[in-house]
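What follows is one structure encoded as structure tokens, with my remarks underneath.
The values are calculated or read from the model by the stated rules, or taken from the named source; none is laboratory data. Predicted, not measured: the structure shown is a model, and the values here were computed from it. Glycine gets a Cβ as well: all are built from the backbone with ideal geometry, and neighbour counts include every protein chain shown.
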Amino acid sequence: MRLVICDDHQLLLEALATALAGHGMTIEATVDSPLEAVRAVALNDPDILLTDLSFPKGSGLDAAREVIAHHPRTRVVVLTGSEQPEPLMEALEIGVSGYLAKDRPIDALARSLEDVARGGTAIDRNILRLAPSSRVSARPRRPVDTLTATESRVMDLMAKGLCTADIVHSLGVTQSTVRTHVQNIFTKLGVHSRLQAVAVLSDVPAGDGRVRC
């Protein structure tokens, strides 16, 4: 897995790069601003851009927006120390593949990045609960009730971070079948990405037998 890492704190940037390299990841570039992050992605075509949220000038979401629009092969994971819901909602709307707390243990961060590289999503459940459910999307109070049994199973596997290939293996169906189920889930939940779908799932009350992310 090839990474570009962006953070304006030099010591943290170096520590992240060293630690993730120790987990077998290739660090293509380390940069200290959203603008430089976009340039580094354009130059190196990494699998993932791992960026901090807050910078003295600009936001990691600025870089995420540019990368997702112009370099769609590169997936974006945002690290944050913020407990404000607005950046999370913006990240969901942009279509980032991960939104994680900065104090996440490095082993857990590495696992999350591996999940994202395989096509999954990664979001800290405590951060996700900050999102006002009414702003995740315009949808019924319990949209998950509209899913078929198979769609619910696919939704649960997506919430665990499984990529399409892993879901195919788990269910024993074809890739096109899984993609159809995923698109049906998006349509029924009124969302446009896996991360938004997982955000909807997080609103399901405990005790109903469904997996929560």
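Does residue 138 count as at pLDDT below 85 and buried (at least 18 other Cβ atoms within 10 Å of the Cβ)?
Values: at pLDDT below 85: yes; buried (at least 18 other Cβ atoms within 10 Å of the Cβ): no.
It is false that residue 138 is at pLDDT below 85 and buried (at least 18 other Cβ atoms within 10 Å of the Cβ).
Filter the strands (runs of 3 or more DSSP E) completely within region 1-118 down to those with at least 1 residues that are hydroxyl-bearing (Ser, Thr, Tyr) and more than 28 Å from residue 159 (Cα to Cα).
Details: elements: 2-6, 26-31, 48-52, 75-80, 98-101.
Qualifying strands (runs of 3 or more DSSP E): 26-31.
Report every pair of residues separated by at least 6 positions or lying on different chains whose Cβ atoms are under 6 Å apart, first residue within region 100-117 and over 23 Å from residue 89 (Cα atoms), second crowded, with 20+ Cβ neighbours inside 10 Å and among the aromatic types (Phe, Trp, Tyr).
none
Tell me yes or no: at least one residue of region 163-173 is part of a loop (DSSP other than H, G, I, E, B), over 23 Å from residue 4 (Cα atoms) and modelled with pLDDT of 80 or more.
Taking region 163-173 as the starting set, the residues that turn out to be part of a loop (DSSP other than H, G, I, E, B) are 163, 172-173.
Those still in the list that are over 23 Å from residue 4 (Cα atoms) too: 172-173.
Among the residues that remain, those that are also modelled with pLDDT of 80 or more are: 172-173.
Looking for residues that are part of a loop (DSSP other than H, G, I, E, B), over 23 Å from residue 4 (Cα atoms) and modelled with pLDDT of 80 or more, one finds at least one in region 163-173, hence yes.
Against the condition of a type in the set (A, V, I, L, M), modelled with pLDDT under 85 and either under 13 Å from the mean Cα position of the chain (by Cα) or not assigned by TED's automatic domain parsing to the domain that holds residue 165 (or both), how does residue 106 come out, does it pass? Even if it seems obvious, please write down each step before you answer.
Values: of a type in the set (A, V, I, L, M): yes; modelled with pLDDT under 85: no; either under 13 Å from the mean Cα position of the chain (by Cα) or not assigned by TED's automatic domain parsing to the domain that holds residue 165 (or both): yes.
Considered against the rule, which asks whether it is of a type in the set (A, V, I, L, M), modelled with pLDDT under 85 and either under 13 Å from the mean Cα position of the chain (by Cα) or not assigned by TED's automatic domain parsing to the domain that holds residue 165 (or both), residue 106 comes out as no.
In region 175-213, which residue that is outside any helix (DSSP H, G or I) and small (Gly, Ala, Ser) is modelled with the highest pLDDT?
Applying the first criterion (outside any helix (DSSP H, G or I)) to region 175-213 yields 190-193, 202-213.
Next, only the ones that are small (Gly, Ala, Ser) stay: 190, 193, 202, 206-207, 209.
Values: 190: 77, 193: 81, 202: 61, 206: 34, 207: 33, 209: 33.
Looking at the filtered set, the residue picked out is 193.
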